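The values are calculated or read from the model by the stated rules, or taken from the named source; none is laboratory data. Model, not experiment: these values are computed from the prediction. When we count neighbours, we look across all protein chains shown, and the Cβ atoms used for this are built from the backbone with ideal geometry, even at glycine.
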Amino acid sequence: MKRIYSVLVENRSGVLMKVAGLFCRRGFNIDSLAVGETDDPKVSCMTIVSSGDERTIEQIEKQLNKKLDVIKVKTFDEKISVTRELMLVKVKYNKNNRRDIMEICDILKANIVDMSKHFMVIQICDRPDKIEILLNMLKEVSIVEVARTGVLALQKCSETDK
Amino acid sequence: MNGADALVKCLTEEGVDTVFGYPGVAICPFYNSILDSDIRTVLIRTEQNAAHAASGMARMTGKPGVCAVTSGPGATNVITGIATAFADSIPLVCITGQVSTNLIGCDVFQEADITGAVESFVKYSYLVKDVNDIPRIVKEAFHIANTGRKGPVLIDVPIDVQNATIRNFKYPEEVKLRTYKPTVKGNMAQIKKVLAEFSKAKKPIICAGGGVLLSEAQFEIRKFAEKYNIPVVSTMMGIGVMPTEHPMYFGMVGNNGKPYANKAMNESDLLIMVGARVADRAVNQPDLITKGKVLVHIDVDPAEIGKNVGPHIPIVGDCKSIFEDINGSEFECNDFKAWIDELNTYKKDLAVVRKPNPKYVDPAAFIDMLSKNMKDDAVYVADVGQNQIWSCSYHIVKDGRFMTSGGMGTMGYSIPAAMGVKCACPDKQVVAVCGDGAFQMSMCELATMRQHDINVKIIVLTNNYLGMVREYQHYTYKDAYSVVDLSGNPDLEKLSSAYDMKFLRLKDMKDAEKVIKEFLKKDESALLECLIDPMDTVK
Ligand SMILES: Cc1ncc(C[n+]2csc(CCOP(=O)(O)OP(=O)(O)O)c2C)c(N)n1
């Protein structure tokens, strides 16, 4: 089961290590992790995607809550959240496949943001599943480098209404 | 006033009267300032033991024990002591010196990233960067260490911060921690559910863990057990929640516990786990304690509830507060007479019969006799190994306390912890019981005992082996003994005389009672060596 944890933490040095260390020590997986400041510069938001059975998920939440630097933990299902991830992919292209690549980008709403004679950088910002599709399509070409932010997520507005 | 003065002032404000430690340059400002206070300093002989001694002290006083060591090797040496306290939820405040702030990260002489290194063994840690933060940090540290699920907190103080001038020192009256608000009161609706289960139950039982002693809930639990005739078993850390010979007490559960205690727990129809982690050593088959019964789990740490087994009724909160609420409620229940009779039959039928070798001291008979001769309110600190299991099985707690390193099982704990106990309660009789292996891990503290007049009674059960591991190799590797032989043991009589300490030796049970009486007679430190059968086993 995949779970998204939105963890508000004190914006202090060492907090990332403590949270990441907790996952590592207790044998919890981290599928992705994204950190950034919130509207309050003293508070950071960590978005962690993890998977495991029900007991693991409950333990992760409880153990996170135990950390003194953790202010609040929200966990939610992918289904009831707005999720986005940003990915940059550098590919090597040639005359024969250039059109194909551009077509793929068009269909998946990705942009070419940098280019040279042999290489281009493609940017996509979308749901994680769309990102996977693009990545799989581009694997047919020749990927040089990939950089991903990890998933960011907020609960859907309709859920917050409740 | 500098940072070091401020640290000492804060400790005084917290009512700290003893600091265990070991100096080095990086903590020298602190140890200089402490000279101007009323705080007693005890120079322990290795840093690990400073934490153990502070742990013994904390377990007696109910307040965090304090130790202070230097940077680098001093700090890394103390880690085992911190981890031992963490595993048993013992409140400690551990102060470490650190290299100068501007040198941190440069790998200079005696620099160690101690806050990083202890992260998984502390409840919280601080690296003090601004001298003006000291009062707030110390206030928070004591609060965090001794509330909720208790545990060690480390404060790392760079030497330049200790030497820096602090502007108007003011010790805060309260802590403001938005991220930390442990639950104390149990949810009344959940408590009502438990009482309803009691009204239905035919075979209820309470399993008490170390959390009961940490929240000082033992008296509430005894009151409850006595009022309604409810049997109690305990985990290793819960020994002493009930006096051993209390008619409602049915022994320690677990792998090394009493078979009748395990049976009692398994046969029950309502099991109240209180202040116990349901860890592998106490409950090796978590399914057994949920099958065919209602499981109630009471713990101050919500993460413990459901970690190893899913209870039917969870209650988060302080054990004492919850049992006060339970004792304050009226409810009807059965008289449980048949159930108690059943348990007493198990107790008789499943009693362990040992076949002691008459050529040696029988640890079981010896510990039994020792307990009977100890003062009612004495404190017994057991080490780790076969001696720990025998101590758990045969020590009789009356009005006193029983302590050991349960979660971590750290050899060498008993002597320094007993010293901490004695410093906290100089009038009490304090006995440390250890194996000849563990004794050698802590024997450097004999000097500390002499230097500071800390009168602990030490009993060494000599079998010339790392007995517990030898026993394991006996069963698992068919007597292929590897690295467990302790030849080279010192002559303890000569050793005692080197420390000018009273020494007695028992070779068999013949004169046991007389020797025990002689050993315990005066409030003086003494060492009693018992020669036990090297091939004896706990199983
Ligand atoms: C610091 C530490 N090292 C190793 C162990 C593993 N260990 C557990 S019991 C034991 C043997 C203890 O021997 P001794 O102190 O002589 O006591 P005995 O078992 O003979 O009673 C050992 C080595 C441990 N628990 N702690």
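Tell me, please, whether a residue that is polar (S, T, N, Q), touching a helix residue (DSSP H, G or I) at 6+ places or on another chain (Cβ under 6 Å) and touching a residue at least 60 places away in the same chain (Cβ under 8 Å) can be found in the range B:103-117. No: zero hits. Of the set (1) of a type outside the set (Lys, Arg); (2) exposed (fewer than 13 other Cβ atoms within 10 Å of the Cβ); (3) outside any strand (DSSP E or B), all apply to A:GLY36 but (3).
Residue-by-condition table, conditions (1) at pLDDT 95 or above; (2) assigned to a strand (DSSP E or B):
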residue	(1), (2)
A:THR83	no, yes
A:VAL113	yes, yes
A:ILE122	yes, yes
A:ASP129	no, no
A:LEU134	yes, no
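In the condition set (1) under 21 Å from the mean Cα position of the chain (by Cα); (2) under 25 Å from B:SER199 (Cα atoms), B:THR290 is compliant with all but (1).
Of the candidates B:ASN334, B:ASN284, B:ASN344, the single residue that is over 28 Å from B:MET188 (Cβ atoms) and either at pLDDT 90 or above or among the hydrophobic types (A, V, I, L, M, F, W, C) (or both) is B:ASN344. Hand me the list of helices (runs of 4 or more DSSP H) wholly inside the range B:374-485 holding 2 or more residues that are within 11 Å of the ligand (Cβ to nearest atom), in contact with a helix residue (DSSP H, G or I) (Cβ under 6 Å, 6 or more places away or on another chain) and outside the structural domain of B:ILE79 (by TED's automatic domain parsing). Hits in the range B:374-485: B:386-394, B:467-476. Here the condition is being of a type in the set (Val, Ile, Thr) and outside the structural domain of B:ASN266 (by TED's automatic domain parsing); of B:ILE340, B:ILE315, B:ILE322, B:ILE367, it holds for B:ILE367 alone. Taking the criterion of being within 14 Å of chain A (Cβ to nearest Cβ) and either assigned to a strand (DSSP E or B) or surrounded by fewer than 22 Cβ atoms within 10 Å (Cβ to Cβ) (or both), the residues of the range B:304-338 that qualify are B:GLY306, B:LYS307, B:ASN308, B:VAL309, B:GLY310, B:PRO311, B:PRO314, B:VAL316.
Residue selection: A:LEU68 satisfies the criterion of being free of Cβ contacts under 8 Å to residues at least 60 places away in the same chain and within 8 Å of chain B (Cβ to nearest Cβ). Checking B:ASP301 against (1) farther than 18 Å from B:ILE315 by Cα; (2) within 14 Å of chain A (Cβ to nearest Cβ); (3) within 19 Å of the chain's Cα centre (by Cα), only one condition comes out false. Which one? So the condition that B:ASP301 fails would be (1). Residues satisfying the criterion are absent from the range B:346-359 (criterion: within 14 Å of the ligand (Cβ to nearest atom) and in contact with a strand residue (DSSP E or B) (Cβ under 9 Å, 6 or more places away or on another chain)).
Within the range A:1-28, residues that are within 9 Å of another protein chain (Cβ to nearest Cβ) reach partners that are among the acidic types (Asp, Glu) and in a loop (DSSP other than H, G, I, E, B) with beta carbons closer than 7 Å, at six or more positions or on different chains, in the pairs A:VAL9/A:ASP69; A:GLU10/A:ASP69; A:LYS18/A:ASP69. Figure legend. Inter-residue proximity from the range B:10-22: first residues at negative phi and assigned by TED's automatic domain parsing to the domain that holds B:ILE79, second residues outside any loop (DSSP other than H, G, I, E, B) and among the polar types (S, T, N, Q), beta-carbon distance below 6 Å, spacing 6+ or different chains. Indicated pairs: B:VAL19/B:THR41.
Would you check if B:GLY62 is at pLDDT below 95 and either farther than 21 Å from B:LEU213 by Cα or away from chain A (no Cβ under 14 Å) (or both)? No.
Name the single residue, out of those in the range B:372-386 being closer than 11 Å to B:LYS398 by Cβ and crowded, with 21+ Cβ neighbours inside 10 Å, that is farthest from the chain's Cα centre (by Cα). Per the stated criteria, the residue is B:MET374. Looking across the range A:56-81, the residues that are in a strand (DSSP E or B) and closer than 21 Å to A:LYS162 by Cβ come down to A:LYS72, A:VAL73, A:LYS74, A:THR75, A:PHE76, A:SER81.
With respect to B:VAL384, is the statement that it is closer than 16 Å to B:ALA432 by Cβ, more than 14 Å from chain A (Cβ to nearest Cβ) and hydrophobic (A, V, I, L, M, F, W, C) true? Judged against the criteria, B:VAL384 is a match. Here the condition is being surrounded by fewer than 18 Cβ atoms within 10 Å (Cβ to Cβ), away from the ligand (no atom under 13 Å from the Cβ) and assigned to a loop (DSSP other than H, G, I, E, B); of B:LYS494, B:LYS517, B:LYS510, it holds for B:LYS510 alone.
Go through (1) loosely packed, with under 15 Cβ neighbours inside 10 Å; (2) modelled with pLDDT of 95 or more and name the single condition A:ASN96 misses. In the conditions (1) loosely packed, with under 15 Cβ neighbours inside 10 Å; (2) modelled with pLDDT of 95 or more, A:ASN96 misses (2) alone. Could you grab me the full set of residues in the range B:146-199 that are closer than 30 Å to B:GLN110 by Cβ and over 25 Å from the mean Cα position of the chain (by Cα)? If the condition is that a residue be closer than 30 Å to B:GLN110 by Cβ and over 25 Å from the mean Cα position of the chain (by Cα), then B:VAL157, B:PRO158, B:ILE159, B:ASP160, B:VAL161, B:GLN162, B:ASN163, B:ALA164, B:THR165, B:ILE166, B:ARG167, B:PHE169 are the ones that fit. A count restricted to the range B:264-282 and to residues that are touching a helix residue (DSSP H, G or I) at 6+ places or on another chain (Cβ under 8 Å) and within 19 Å of B:VAL538 (Cβ to Cβ) stands at 2. Kindly evaluate B:THR147 against the criterion of being at pLDDT 95 or above, of a type in the set (S, T, N, Q), within 16 Å of the ligand (Cβ to nearest atom) and within 30 Å of B:ARG281 (Cβ to Cβ). No: the conditions fail for B:THR147. Do we find that B:THR61 is under 24 Å from B:GLN451 (Cα atoms), in contact (Cβ under 8 Å) with a residue 12 or more places away in the chain and more than 12 Å from the chain's Cα centre (by Cα) in this structure? So B:THR61 passes the test. Are any residues in the range B:191-219 touching a residue at least 60 places away in the same chain (Cβ under 8 Å), under 30 Å from B:PRO152 (Cβ atoms) and surrounded by fewer than 22 Cβ atoms within 10 Å (Cβ to Cβ), and if so, which ones? The one that is touching a residue at least 60 places away in the same chain (Cβ under 8 Å), under 30 Å from B:PRO152 (Cβ atoms) and surrounded by fewer than 22 Cβ atoms within 10 Å (Cβ to Cβ): B:GLU216. Checking each residue in the range B:464-488 for being hydrophobic (A, V, I, L, M, F, W, C) and surrounded by 13 or more Cβ atoms within 10 Å (Cβ to Cβ) picks out B:LEU466, B:MET468, B:VAL469, B:VAL484, B:LEU486. All told, B:ASN49 falls short of being surrounded by fewer than 19 Cβ atoms within 10 Å (Cβ to Cβ) and assigned to a helix (DSSP H, G or I).
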